[in-house]
Amino acid sequence: MISTDKSNELYKKACKFMPAGVNSPVRAFKSIDRNPIFIDHAKGSKIYDVDGNEYIDYVCSWGPNILGHACDEVLEAVISSAQKGLTFGACHEGEIELAELIQKHFPSIKKLRLVNSGTEAVMSAIRAARGFTGRDKILKFEGCYHGHSDGLLVKAGSGLMTNSMPSSSGVPVGYTENTLLAGFNDISEVEQAFIRHGKEIACIIVEPVAANMGVVPPEKGFLERLRELADEYECLLIFDEVITGFRLSIGGAQQLYGVTPDLTTLGKIVGGGMPLAAYGGREDVMNTVAPLGSVYQAGTLSGNPVAVSAGIATIKALEKDNSIYDELERKSKKIEDAMTLIGLNVNRVGSLITPFFTERHVKSFDDASLCNTAEFAHFCRYLLDNGIYSAPSQFEAMFVSLAHSDKDIEYTCDVISKFH
């Protein structure tokens, strides 16, 4: 086992100031029976902890670092922007440039708003959908995580599953009584929900590729049928592409699967590693947002110039080479194959990968819930001890970046092949 004495000391100190010593639940490493690792610095495909240990990183800050850590182009843009001022609380030209880049690759987004987090983007998109339709109910899917706003913490996957919390305390029943649930990939449940409540439903919100109960792709026809039902019942279809946007393709999951939502939420990659997210879509819907309309949403740091500069630099880097996503596919497929060869049940879409410790094909929240989390914890600890940093949760994804070299991939596959 690698030495993490300094991390352990910092963790004891952190516990005096923060709940469980962390600022986000999965970082606590509780599900793999370890103390968290404290990171000192990172570059390219590697992160380095305070004890001097080097790891090949497949967390990539939970998705944003598709170019790798501390990408030179992004750093240069951030430094240049920071020298002009960290925040203005006013309009600046960079907001327009980033909006143009987003619209270029997500043509369904006719107008958008920049915000600070995926949670804020989803919360705001749902409010816009309710304001536009005049309806209260929303339909979400078991195991899909859309941030920690009150009305969405119902069978929400990710940290809730990892920490054995079926839902969150502190959320009044009134906040979730208008949230309808259906099984991911279970179109019959969706149809039944619309038969019962169709004229009350403001929107369907879905991760087009679920990535917070582990990676679960949509089955053939699932997204298409959601589009049809939204049209039939005159409600809105929202794609939560906080994770999939700019990762599965330059145009996200909606480009990959050829299904057009009414509204889209983006985060992670769109901010280039800085706190930035966006929501947008149909012009008539977005025109309901204040000050044009009566749907209120605001933010002091929305469109922060430093974060915007990181997003612009990242998207421009992704535009440079049409083979980028082919390269991510090639490298990710090698890791998938290595896991499959040792008998793991693997779901992968592009550079998102989850090895499931179950014999059952995982296509829903119920399937994911049957995984052997103790065996996963053993696997995760094994990877850490061999210099590979992956998500300390069965219900998260591994992320492959452009910075991962063939040598990194070969070493990772070799380590995986020796797991028992």
| query | What are the residues in the range 340-370 that are among the polar types (S, T, N, Q) and either touching a residue at least 60 places away in the same chain (Cβ under 8 Å) or open to solvent by 70 Å² or more (accessible area, probe 1.4 Å) (or both), if any? | reply | Thr340, Asn347, Ser351, Thr354, Ser364, Ser369
| query | What residue, among those in the range 21-33 that are in a loop (DSSP other than H, G, I, E, B) and surrounded by fewer than 19 Cβ atoms within 10 Å (Cβ to Cβ), is nearest to the chain's Cα centre (by Cα)? | reply | Ser24
| said: Among the residues of the range 278-314, what is the count of those that are small (Gly, Ala, Ser), touching a Leu at 6+ places or on another chain (Cβ under 7 Å) and open to solvent by less than 20 Å² (accessible area, probe 1.4 Å)? | reply: 6
| Counting just the residues of the range 226-238 that are touching a helix residue (DSSP H, G or I) at 6+ places or on another chain (Cβ under 8 Å) and within 10 Å of Val259 (Cβ to Cβ), which one comes out surrounded by the fewest Cβ atoms within 10 Å (Cβ to Cβ)? | Leu226
| query | Which strands (runs of 3 or more DSSP E) does the range 39-84 wholly contain that include 1 or more residues that are out of contact with any Asp or Glu (no Cβ under 9 Å at 6 or more places or on another chain) and buried (at least 22 other Cβ atoms within 10 Å of the Cβ)? | reply | 54-57
| field | Qualifying position, being free of Cβ contacts under 8 Å to residues at least 60 places away in the same chain and under 29 Å from Ser117 (Cα atoms), among Lys333, Lys320 | value | Lys320
| query | Which ranges mark the strands (runs of 3 or more DSSP E) fully within the range 162-278 that have 3 or more residues being under 18 Å from the mean Cα position of the chain (by Cα) and modelled with pLDDT under 95? | reply | none
| query | So, of the residues in the range 242-277 that are touching a Ser or Thr at 6+ places or on another chain (Cβ under 7 Å) and closer than 24 Å to Tyr296 by Cβ, which turns out to be most open to solvent (accessible area, probe 1.4 Å)? | reply | Pro275
| Taking Arg381, is it closer than 27 Å to Gly68 by Cβ and open to solvent by 10 Å² or more (accessible area, probe 1.4 Å)? | yes
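The values are calculated or read from the model by the stated rules, or taken from the named source; none is laboratory data. Fair warning: this is a prediction, and the values are worked out from it, not measured in the lab. Reconstructed Cβ throughout: ideal geometry from the backbone, glycine too, with neighbour counts over all protein chains shown. Please note that ligands, DNA and RNA were not included when accessible areas were found on the heavy atoms of the full protein model with its side chains. Shrake-Rupley method; radii C 1.70, N 1.55, O 1.52, S 1.80 Å.
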